[in-house]
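Right, one structure below, let's go through it.
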Amino acid sequence: MPQIKPSSLEYYAQLKQHFVKILLSAAFIPLILIGGILYYHFSATLKENSLHYVENLVRDHQNGIDSFLIERLSDLKALSKSHTIDYLVQGDHLSEAFNILQGEYGTFTELGVIDAAGNHVAYVGPYKLLGRNYKDAPWFKEVMEQGEYVSDVFLGLRRVPHIIMAVKRVENGRTWILRTTLDIAKFSDLVEGIRIGKTVDAFIVNTEGILQTRPRSGGDLLEKSDFLPGKYAQGIRLEEKKDELGTRFIYAYTWLQNRNWCLVVRQDLREVYAALRHVNYVIIPIFIGGSFFIVFAAIFTTRQLASRIEKTDREKDMLNEQLLQSGKLAAIGELAAGIAHEINNPLAIIGEEAGWMKDLLKKEALKCSPKVTEFEDSISQIELQARRCRQITHNLLAFARKLEPKMESVSLNDLIEDVIKLVEREARVNDIIMTRNFYHELPTVWTDASELRQVFLNLINNAMDAIGRKGGITITTRLGLDSVCAEVADTGHGIAREDLDKIFLPFFTTKAPGKGTGLGLAISYSVIEKLGGRITVNSAEGKGTTFSVCLPLGRKG
Amino acid sequence: MERAIRVLLVDDEERFTRTLSKRLTERGLRVHTASSGMKALRHMEDNVFDVVVLDVKMPGMDGVETLREAKKVQPLTEVILLTGHASVDSAIEGMRLGAFEYLMKPCEIEELMAKIEEAYAKRVMREEEIRES
């Protein structure tokens, strides 16, 4: 912090700013760090859970789909093995076999028998396919080579998406093929059933990314999906991708056993983080509210702290000033004593010379001089002024005197009453009303009565001087916490602000020249200090002045 | 008054002693002056004084020291201390050494006269006591 003079306004403003900054950073930095870390971990955990979830979905359903296809294929195989071609092409036999194959699922659309030349020799189903030749169809070639075949979903001549499934049978040297098509709707149910939640989507694509089932999120069968699974690999893969709209998805996918199809489950990340959003709805208001509270608390406590510091500083300044004041007074006192002592000698000579002249004037020889009265007047003036000087030096010496006070038990009320009696007659002459506002249960104090009398006489005389004619002096006594106090309040002209801190200094006076020595209050101050008390002044110019004297309620001794 | 009171004024301020002696003489006293403690003691070896008025603060031998010596030379002489300084310590010491009174300088001639007369009265009383015993 740059150095600015303490007690200046900027200093406290800066102090406050500094405090607020520290408090706010102490509160917010950990808060934001903790919040950020929790948020990060929470979202990471959510994402991880979601990844696990879709991964499990893929794993669970991969087997289901695989076994569905395998079961259908083995049903077909079993059928081909349990009958001869001759049997199947006769009468209703194929139709019966179809019914058995359908069983309770009804997943097949049709069933046909094809001879080695590719001719459809028997057929059950909704289409007129009997007699059609498949010699050039790619699936025919494949089944002749591989012994079995499962196609991708395709439209074919009938313009309906379907899957061809075919098995080859070699029966006593005769080769024939049993061919069927799968109802795509039944197959799709298997995949579409995976859809859980609002945004979990499941579909199958082939190696080229052609959709084999209908994804809920749009896209139709046999359309190109925006998801390309890449090359065949074992196991489940996890991926995070953006679609063209910028929505982020997590993908879990795996290749099915036929190696042509890839089962894909994806979830919208927005849904994954939905829980986080819900938490945010609660957390953010709390955070904002908390922030306001922290800021408010920081500012509030800082204000209090700063004002307390300001108060202590002010008290410290005041104490320093008082120390300085008493130090000054002591130094001035010593100086004054020295000067007074030195002045007393010439003053004594002046006094004696004047006295001698006066003595001489009394002689007969000089009495007839015409100007003798002038001489006498002049000499008595010299004597008078010398006496005045003597009064000043004696006061000065009294001020500097390091007398041990004569301590006794004193009733402040009685003491002040004595002093008031001394001046009351003069006060009445000047139309000044003296009001006693005494606290009658005031305990006695252990102090120097004669010095204290001098102090109160000083204060009351000053008050009367301040009033001049017509006014009031109120003298109040009261009991403090560990002191007894007396206040002398007048309705006089008051003390100017700039004079207020000088009034206890010796030789400072606002009275006309020759009227005051400027020592009364300085002596009072040193007396009260010596007695362990405090004298303070409060004044409003034009309204009056109040002097308070507080003496400690020390025990005897 | 049967005989004039014999007074010795001691102060380093010669003008002060001179004028004061004139005034005291005018009031019927027999006054000698001395400007230092040493001179005062020398005077006292040759003359008898009823009252010595002694300034406390002097260069060389100060008032208190002079008082101590003076009491050795003339034990019956009463001493009035004069000082420009209201030093309680020297006052207490002076009184302990047998000073009659302690006055602040400058003082009124009437006050000093009164003190001198009181001191003289005391001296006379003590002389009589001694004579009687």
What residues have an amide H closer than 5 Å to that of A:Met434, excluding those fewer than 5 places away on the same chain, when H is modeled at 1.01 Å from N in the peptide plane? A:Ile473
Counting other chain Cβ atoms within 10 Å of each Cβ in A:498-506 and taking the mean gives 0
Quick one: what does P(r) look like for the protein assembly as shown with 10 Å bins over all Cα pairs, in whole %? 2, 10, 12, 10, 9, 7, 4, 4, 4, 4, 5, 5, 5, 6, 5, 3, 3, 2, 1, 0
Neighbour counts of other C-beta atoms within 10 Å: give me A:Thr84, B:Thr19 arranged from fewest to most. A:Thr84, B:Thr19
Between the residues A:Asn63, A:Ala365, A:Ile184, the Cα farthest towards the positive end of the dipole of chain A, that dipole coming from +1 and -1 charges on the beta-carbon of Lys, Arg, Asp and Glu, is from A:Ala365
Under the Karplus relation with 6.51, -1.76 and 1.60 and θ = phi - 60°, whole-Hz ³J(HN,Hα) for the stretch A:534-545, x at Gly and Pro, equal 9, 10, 10, 10, 9, 8, 10, 4, x, 10, x, 10
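Given an 8 Å cut-off on Cα distances and at least 6 residues of separation, report the relative contact order of chain B as a percent.
Working: 207 pairs, mean separation 27.7, N = 133.
Result for chain B is 21 percent.
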Using the Cα centre of chain B as the reference point, and only Cβ charges (+1 on K/R, -1 on D/E), how large is the resulting charge dipole? Debye, rounded to the nearest 20. 280
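In this model, which of A:Lys16/A:Lys311; A:Lys77/A:Lys231; B:Lys71/B:Lys115; A:Lys47/A:Lys231; A:Lys362/B:Lys122; A:Lys358/B:Lys22 are farther than 21 Å apart at the alpha-carbon? Don't skip to the end; give the middle numbers.
Values: A:Lys16/A:Lys311 14 Å; A:Lys77/A:Lys231 30 Å; B:Lys71/B:Lys115 18 Å; A:Lys47/A:Lys231 26 Å; A:Lys362/B:Lys122 31 Å; A:Lys358/B:Lys22 12 Å.
Listed pairs above 21 Å: A:Lys77/A:Lys231; A:Lys47/A:Lys231; A:Lys362/B:Lys122.
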For A:Lys367, counting only aspartates and glutamates whose alpha-carbon sits under 17 Å away and dropping same-chain residues fewer than eight positions off, the answer is A:Asp359, A:Glu376, A:Asp377, B:Glu26
For A:Gly219, residues with placed amide H under 5 Å, excluding near neighbours: none
Along the charge dipole of the stretch A:408-552, Cβ charges K/R +1 and D/E -1, which of A:Thr510, A:Ile523, A:Ser548 sits furthest on the positive end? A:Thr510
In Å and from the alpha-carbon atoms only, list the Rg and Dmax of chain B. 13.6, 43
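Please state the relative contact order of chain A as a whole percent: Cα pairs under 8 Å, 6+ residues apart?
Over chain A, the number comes to 9 percent.
Kindly put A:Glu244, A:Glu374, A:Glu451 in sequence by how many other C-beta atoms sit within 10 Å of each C-beta, fewest to most. Spell out each step's value before the answer.
On the way: A:Glu244 6, A:Glu374 10, A:Glu451 19.
In increasing order of surrounding Cβ atoms, one gets A:Glu244, A:Glu374, A:Glu451.
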Using only the alpha-carbon atoms of the stretch A:341-474, report the extent along each of the three principal axes, biggest first, to the nearest angstrom. 69, 39, 23
Using the 10 angstrom Cβ neighbour count as an exposure proxy, how do A:Tyr134, A:Tyr40 rank, fewest first? A:Tyr40, A:Tyr134
Consider just the alpha-carbon atoms of the stretch A:408-552 and return their Rg together with their Dmax, both in angstrom. 14.4, 43
Between the stretch A:92-132 and the stretch A:214-248, the alpha-carbon center distance in angstrom: 35
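From the square roots a ≥ b ≥ c of the eigenvalues of the alpha-carbon gyration tensor of the stretch A:1-121, which class results: rounded (a/c under 1.5), prolate (a/b over b/c), or oblate?
Prolate is the answer for the stretch A:1-121, as a/c is 1.5 or above and a/b outweighs b/c.
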Give, rounded to the nearest 20 debye, the magnitude of the charge dipole that chain A has about its Cα centre when Lys and Arg contribute +1 at Cβ and Asp and Glu contribute -1 at Cβ. 560
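Return an integer: the convex hull volume of the alpha-carbon atoms of the stretch A:316-401, in Å³ per residue. Let's see the in-between values first.
Values: hull volume 6.9 nm³, N = 86.
In the stretch A:316-401, the Cα convex hull volume per residue is 81 Å³.
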List the residues, sorted by chain then number, that are 5 or more residues from B:His32 or on another chain and whose placed amide H is less than 5 Å from its amide H. B:Val7, B:Leu8, B:Leu9
Calculated from backbone phi, Karplus (6.51, -1.76, 1.60) coupling profile of the stretch A:62-72 in Hz, x at Gly/Pro: 4, 4, x, 5, 4, 5, 4, 5, 5, 4, 4
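Report for the protein assembly as shown the percent antiparallel among DSSP-assigned beta bridges with both residues inside it, nearest 5. Walk me through the numbers on the way to the answer.
Working: 73 of 97 bridges.
Of those bridges, close to 75 percent are antiparallel.
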Apply the Karplus curve 6.51 cos²θ - 1.76 cosθ + 1.60, θ = phi - 60°, to the phi angles in the stretch A:454-465 and return the couplings in whole Hz, x for Gly and Pro. 4, 4, 5, 4, 4, 5, 6, 4, 4, 4, 5, 4
Would you calculate the convex hull of the Cα atoms in the stretch A:83-186 and tell me its volume per residue in Å³? 97
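All of the numbers you see were taken from the coordinates with simple rules; none came from a lab. The shown structure was predicted, so the numbers you read here are calculated from the model rather than taken from an experiment. Please note: Cβ atoms are built from the backbone with ideal geometry, for glycine as well, and neighbour counts cover all protein chains shown.
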